[in-house]
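Participant: Right, I'll just put the structure down here and ask away after.
The values are calculated or read from the model by the stated rules, or taken from the named source; none is laboratory data. Computed from a prediction, not measured in an experiment: that's the story for all the values here. Counting neighbours? That spans all protein chains shown, and the Cβs are built from the backbone with ideal geometry, glycine included. Only protein heavy atoms, including side chains, enter the accessible area calculation; ligands, DNA and RNA are left aside. Shrake-Rupley method; radii C 1.70, N 1.55, O 1.52, S 1.80 Å.
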Amino acid sequence: MQFNINNLFTEALPADPNFENSRRQVMQGYYSFVTPKETAAPQVLHVSDEMLNALGISEEEAESKEFLEVFTGNAVLPNTHPYAMLYGGHQFGHWAGQLGDGRAINLFEIDNDNKHWALQLKGAGETPYSRSADGLAVLRSSIREYLMSEAMHHLGIPTTRALSLALTGDSVLRDVMYDGNPAYEKGAVVCRVAPSFLRFGNYQIFTSRNDIEGLQKLVDFTIENYFPELGAPSKENYLKFFAEVSERTLEMIIHWQRVGFVHGVMNTDNMSILGLTIDYGPYGWLEGFDWGWTPNTTDRQHKRYRYGNQPNIGLWNLYQLANALYPLVEEADGFEEILDRYKEDYAKRSFQMMTDKLGLDAPEESDLQLIADLEECLQATETDMTIFFRKLADFKKDTSVDGLTLIWEAFYTAEEISEKTQNQWKHWFQAYATRLQQDQQSDEARKKAMNATNPKYVLRNYMAQLAIDAADKGDYSLIDELYQLLKKPYDDQPEYEKWFAKRPEWARDKVGCSMLSCSS
């Protein structure tokens, strides 16, 4: 394999001078050189054809021994030096100090087709930042990350990508639900790809140590390489940089809300400086529409990272980034103005997103009530968010189609719906029909627009769990089936109609299908 190596990060910024791979506080440098752990019997299970093309790797090369060795950690490309990044972060609202790449090892960076990519292995062994962990990953979490990275891209959501999924041949001890019942599982590794894996926490750690010179060097590097359109680093452009990060963060979260994705662990060390969805751990999808739902067992009590709170957490995290960048500007007004703009823009963009989901051609202020009434209906009985919005596209403004009958399939316990709730829905459909009649677009045009906004297929947790269960038995075909399905989430794809279905009842409380731990 021949790559155009361009290690921006390690060539511009100094390394930790201590080459010992021991768990410790790293007080110098931006990263530590490490070597991935050799694996016992590596086996590539799946490779993203799209990322092969993006990285300039041929299909023949992807089937080579070199590819297998490099992307499972058993070999290092000549003239490259794998490393783990230093960062800190707030976890569940509390400053956690040094964190860093505890189970991710960056292999190298390349340029291809005028794009820059950093490649890293997740689950490749311990680093100085592993704390009390082993730096490894297991098959179930790796399948979830691999499929989800690619699925989110095709949903039109900014995300890190995934090149490959492989078994290591090693056994890894994990306590899935943190309940004192650890068991050995199949080890696995994913090659993750992104323009950069820089996080809010990369900047926070330097401010927390009062290393303003180190902070400025990192911010200047980031602007010069990833935000060059802002111009040369300066106080004014540090604020422009923060404004751009704020805008990208909001755009990402609006997309999450649009499709019903819940990240599950929005700590500041899991927030990409490029506005990418990063770190697929205990994520989940809304099955029944529920503002208060979180997939994370660790968050079960306080539900900090629940679906309805994601925009607020995005803002909270931006406040922490503003605090980290403040020493470079030393004036609060500019940061406060940008943070206030986030709040204003969220209100506008959330409204626009909901009117798009409803297919309203010319949104007006009175639509806020229509949206609020709909959200009440959705929560009156357990209603599948994905199926509801997809079915809604078939509603006719002349009311020739009965709305309640149309969406009946989206209800989880339709037989228990009270007459009061049915009337509530009927009133809403009457209001919706009246509102649609004010728009000029045809039913067909509205349906097309709605179906481009509301996906038909998402990677529900039970779907991923079925792939995991099959893979545990040596059957990897479902991984590829879901990978192919999720390439076209907005298309009807009749051959995959079985996946356009509510969560099965067996999955309601099954581990991996409802609540997940941070080891997921």
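Participant: What's the extension gain from Glu224 to Ala183 if we count 0.36 nm per residue and subtract their Cα-Cα distance?
Facilitator: 10.1 nm
Participant: May I pose another question? What ranking, highest mean first, results for peptides 296-307, 337-348 when packing means the other Cβ atoms within 10 Å averaged over each residue?
Facilitator: The densest-packed peptide leads the list: 296-307, 337-348.
Participant: Ranking request for peptides 209-218, 247-256: highest mean number of other beta-carbon atoms within 10 Å first, then the rest in descending order.
Facilitator: The most tightly packed comes first, giving 247-256, 209-218.
Participant: Determine one quarter of the surface area of the Cα convex hull of the range 337-471, which equals its mean projected area, and express it in nm² to one decimal.
Facilitator: Its average projected convex-hull area is 11.1 nm².
Participant: Cα convex hull of the range 109-166: mean projected area in nm², to one decimal?
Facilitator: Details: hull surface 21.0 nm².
So the Cα hull casts an average projection of 5.2 nm².
Participant: Could I ask something else about it? Once you put a point 7 Å from the Cα of Phe19 and another 7 Å from the Cα of Ala470, both along the Cβ direction, what distance in nm separates them?
Facilitator: 4.7 nm
Participant: Take every DSSP beta bridge with both residues inside the chain and express the antiparallel ones as a percent of the total, to the nearest 5.
Facilitator: Just about 95 percent of them are antiparallel.
Participant: Moving to a separate point now. Under a point-charge model restricted to the Cβ atoms of Lys and Arg (+1) and Asp and Glu (-1), what is the dipole moment magnitude of the range 413-519 relative to its Cα centre, in debye to the nearest 20?
Facilitator: 400 debye
Participant: Okay, next question. Between the range 223-294 and the range 422-472, what's the alpha-carbon centroid distance in Å?
Facilitator: Comparing the Cα centres of the range 223-294 and the range 422-472, I get a distance of 25 Å.
Participant: Treat every Asp and Glu Cβ in the range 62-122 as -1 and every Lys and Arg Cβ as +1, leave all other atoms uncharged, and give the resulting dipole magnitude about the Cα centre to the nearest 20 debye.
Facilitator: In debye, rounded to 20, the range 62-122 gives about 280.
Participant: In terms of the ratio Rg/(2.2 N^0.38 Å) built on C-alpha atoms, what value belongs to the range 397-482?
Facilitator: Values: Rg = 19.0 Å, N = 86, 2.2 N^0.38 = 12.0 Å.
Cα-based Rg divided by the globular estimate yields 1.59.
Participant: Could you tell me which label, among (i) 24.7; (ii) 29.8; (iii) 27.1, carries the value of mean projected area of the Cα convex hull in nm² calculated for this structure?
Facilitator: Here the calculated entry is (i).
Participant: Further, regarding this structure: With a 1.4 Å probe and all protein chains left in place, how much accessible area per residue does the chain have, in Å²?
Facilitator: Details: 20860 Å² over 520 residues.
Each residue of the chain exposes 40 Å² on average to a 1.4 Å probe.
Participant: When a/c reaches 1.5 or more, the comparison of a/b and b/c decides; with that in mind, is the range 274-378 rounded, prolate or oblate per its Cα gyration tensor?
Facilitator: Oblate.
Participant: If I take every Cα pair under 8 Å that is 6 or more residues apart in the range 358-511, average their sequence separation and divide by the length, what percent do I get for the relative contact order?
Facilitator: 28 percent
Participant: So, with a 1.4 angstrom probe, what is the percent of accessible area on the range 1-128 that is carbon and sulfur? Don't skip to the answer; put the middle values down first.
Facilitator: Working: 2660 of 5740 Å².
Carbon with sulfur: 46 percent of the solvent-accessible area.
Participant: At q = 0.14, 0.20, 0.21 Å⁻¹, what log₁₀ I(q)/I(0) does a Debye calculation on the Cα points of the range 69-155 give, no solvent, two decimals?
Facilitator: The Cα Debye sum returns log10 ratios of -0.63, -1.14, -1.20.
Participant: Using 1/(1 + (r/R0)^6) with R0 = 35 angstrom and r between the beta carbons of Gln352 and Thr421, what's the FRET efficiency to the nearest 0.05?
Facilitator: Values: r = 29 Å, r/R0 = 0.82.
With a Förster radius of 35 Å, E is 0.75.
Participant: How high is the relative contact order of the chain, in percent, counting Cα pairs under 8 Å that sit 6 or more residues apart?
Facilitator: Across the chain, relative contact order equals 14 percent.
Participant: Among Gln438, Ile417, His81, whose Cα projects farthest towards the positive end of the dipole of the chain, with charges put on the beta-carbon of Lys, Arg (+1) and Asp, Glu (-1)?
Facilitator: Ile417
Participant: Where in the range 311-347 does the amide nitrogen come within less than 19 Å of the point 7 Å from the Cα of Lys235, taken along Cα to Cβ?
Facilitator: From the range 311-347, the list is 322-339.
Participant: Same structure, new question: For Arg503, what charge total do you get from the other residues with a beta carbon under 9 Å from its beta carbon, if Lys and Arg give +1 and Asp and Glu give -1? Kindly include the intermediate steps, with their values, before the conclusion.
Facilitator: Working: positive: Arg460, Lys502, Arg508; negative: Glu287, Asp384, Glu505.
Its environment carries a net charge of 0.
Participant: Here's a follow-up. Could you check how much of the accessible area of the range 324-389 is carbon and sulfur, as a whole percent, using a 1.4 Å probe?
Facilitator: It is 44 percent, rounded to a whole number.
Participant: Please state the relative contact order of the range 54-126 as a whole percent: Cα pairs under 8 Å, 6+ residues apart?
Facilitator: Normalised by residue count, the contact order of the range 54-126 is 26 percent.
Participant: For the chain, give the magnitude of the charge dipole about the Cα centre (Cβ charges: +1 Lys/Arg, -1 Asp/Glu; no others), in debye to the nearest 20. Show your work: numbers first, answer last.
Facilitator: Numbers: 50 positive and 77 negative charges, 180 e Å.
Charge dipole of the chain: 860 debye, to the nearest 20.
Participant: Next question. Restricting to DSSP H runs of at least four residues, report the calculated mean residue ellipticity at 222 nm for the chain, -39500 (n - 2.57) per run over all residues, nearest 500 deg cm²/dmol.
Facilitator: -12500 deg cm²/dmol
Participant: For Glu409 paired with Asp333, estimate the spin-label separation in nm (one decimal), with each label point 7 Å from Cα along the Cα-to-Cβ line.
Facilitator: 5.8 nm
Participant: Taking Cα centroids, how far is the range 20-87 from the range 166-185 in Å?
Facilitator: Centre-to-centre distance over Cα atoms comes out at 22 Å.
Participant: Placing +1 on the Cβ of each Lys and Arg and -1 on the Cβ of each Asp and Glu in the range 279-402, which of Phe388, Pro282, Asn317 has its Cα farthest towards the positive end of the resulting dipole?
Facilitator: With unit charges placed on the Cβ atoms, the residue in question is Pro282.
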